[in-house]
Amino acid sequence: MRKSIYPRLAWANIRKNRQYYKPYILAGMMMTAMFYMIAYLAGSQNLTRSVTGSSAVVQSLSFGMVTIAIFSVVFILYTNSFLFKRRLTEFGLYNVLGMEKRHIVRMLAFENLYVSLLIIAGGIAAGILFSRLCLLILLQVLQVNKQVTWEMPLFAVRITVILFLAAYLLAFIGNVIRIGRTDTIRLLYSSNEGEKEPKANPAVAVAGAVCLIAGYIMANTIQSPLAALAVFFVAVDLVIAGTYMVFISTSVWVLALLKRNRNFYYQPRHFINISSMMYRMKQNAVGMANICILSTMVLVTVSTCVSIYSGAGLMIESMCPADISVSAWSDNTAETQQVLSEAIRSRAEEMGIEITSMQTYTNLAAAVTRRADGSYAFEGANRGMVSVMADVMILQDYNMLYGTHYELQGNEIMHIVSNGISWHSSQLTLGDTTYTIKEKLSKEPAIFDKAAAYAPETHYLVVADEAVMAHLYEEQAAAYGEDASHYNCDLLCNMNGTAEEKAACAKAVFSADQRISGFAEKESTTRDVRGLDSGFLFLGVFLAITFAVATVLIIYYKQISEGYDDRKRFEIMQNVGMSREEIRKNTDRQVLTVFLLPLAVSCLHLLGSSKMMMKILVLFGILDARVFAVCAVCTVAAFALVYLFVYRNTSRVYEKIVSARQ
């Protein structure tokens, strides 16, 4: 054959199959554009130089760039596989008419070249066009008023071209391997090759249920935020594997039960839908599982990132409740508090800054061990990862910080346990003393030791006076020796002056005494936290759009595939008298079943992961579970509206295909 025929034939094939190629090309362009834009922002030198605290944003965007790259490659291979399967009969016909497989491969090479170049060029062009808007949105999220010069980094263009050329080359190699392994007869009659009735596999069903249960148990029994972060991906992998296996095996089993029920099955509205789904359930189940997993990714990503951004104020207040916060470890609280106060007063006077308010307080955090009788003792290790912590503050400091007027006497305490752990007893035995719980705190105090919040179980105690806390200090010091905890003395200071003056004052105080262990200045802390949280929000929206595009395309392709597979069946029904209205009702029932089930299961997955996600949010200073709950509900509502809109429009495509006569 003449070599010049391959390019013309390839272009003619693309035009002929435009119903498949249009969404494939548009989705590919969108993926390319999004990857380019996030690569542009991650590699923008002007952004790094112009925006203070942008390093945290760049780090999160770099992570997102890797995530989108991996997902884009998987997505391209998946959608290419769908296109190839729809054209098997066409390739078989070419083979019968005299084209050898090597000729088909050459034709496919030109098709792949045209499509990949069109997608990459169009995607990069769209990315360049919208990158300026993307930068402005990021600056708005960061609450930055500076002008950042727009640029077109060659790094972003180069890495985008390399990534997507490699992805489409892998897809082409996969097509070549499939053609080489498939004989002519199978190619020619692949569209008429029916699905055998699938059999429910009890082993797969049990394995899927075990994976799901294990993932849910892992997500809901974890107590430590650090442990939640460590096992997050293990739980995700278990749920993904369990979702696929349960969809494949359980769906077949449910349909088989419905089919055995003759009174239910042999009704026109049930017979058509169940029989149609039964014989192609393997494909249906995998498609539904894909949609379910992608929908879950959208819900979890957006809910978490919006929660982080919305809870930034809580994190800032926890890290730095005043203009300047200074901490020091000490065994003599009165002396250390005086040193801190004098140091900040002298530095403020030297710099001509007026102090408007100043407060000092002390707390003690130490590891404890839970005994079999329910009491707690200072035993075991007081370093590294510990299971249980006790964090103690005196009542006078608590009332001063929170503006309350509680009263305690003797061994009376105020108490709460972290991570939502219920405490039903009216007493708590800690060390050699049993304390009476007079008041239960309504929420975990953010002003306590920050490290204690990361333990799986932390008991926050407000005791009557310094003598009670001193007794606990001496008790843990005798038990732990060199590893014993010290008092943590904190000073909170509000002052007039610019952010630069406050930061300089805090640094001067930090270097004034070796006992001072750390400091924080509110405005710089706010800037850093906002930068980090804004990067997560921006990244979350990017990833959500990426997953949503993939979900929409899979739904669209699934509707087309189902439509062409069902068209002959419905054509027979039309020939025996079935009306278009009856066809519409049947298609609505089938499509509704197939596409609303993944949405329902994805909401269940979000609910199952909520406790783990709230633990991870503790690492960002968000202790209030209501923040995540509100964000999750709003995300589910918004996504459900988009999902139903896509479902309604793609179902019309399905109805149009099955209603058309050949």
Revision key, fill the gap. Any trypsin sites (Lys or Arg not before Pro) in the stretch 359-418 that lie in a DSSP loop and have at most 16 other Cβ atoms within 10 Å would be Arg371, Arg383
Review point. So what is log10(I(q)/I(0)) for the stretch 206-253 at q = 0.17, 0.24 1/Å, when the Debye sum runs over its Cα atoms only?
Key: -0.48, -0.76
Revision key, fill the gap. Ordering Leu41, Leu26 by the accessible surface of their heavy atoms, 1.4 Å probe, largest first, yields Leu26, Leu41
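Excluding ligands, DNA and RNA, what is the solvent-accessible area per residue of the stretch 457-511 at a probe of 1.4 Å, expressed in Å²? Walk me through the numbers before you get to the answer.
Working: 2170 Å² over 55 residues.
Accessible surface, normalised per residue, equals 40 Å².
The values are calculated or read from the model by the stated rules, or taken from the named source; none is laboratory data. Because the structure is predicted, anything quoted here is derived from the model rather than measured. Cβ: placed from backbone, ideal geometry, glycine included. Neighbour counts: every protein chain shown. Ligands, DNA and RNA are stripped out before the accessible areas are found, and what is left, the full protein with its side chains, is counted by its heavy atoms. Shrake-Rupley method; radii C 1.70, N 1.55, O 1.52, S 1.80 Å.
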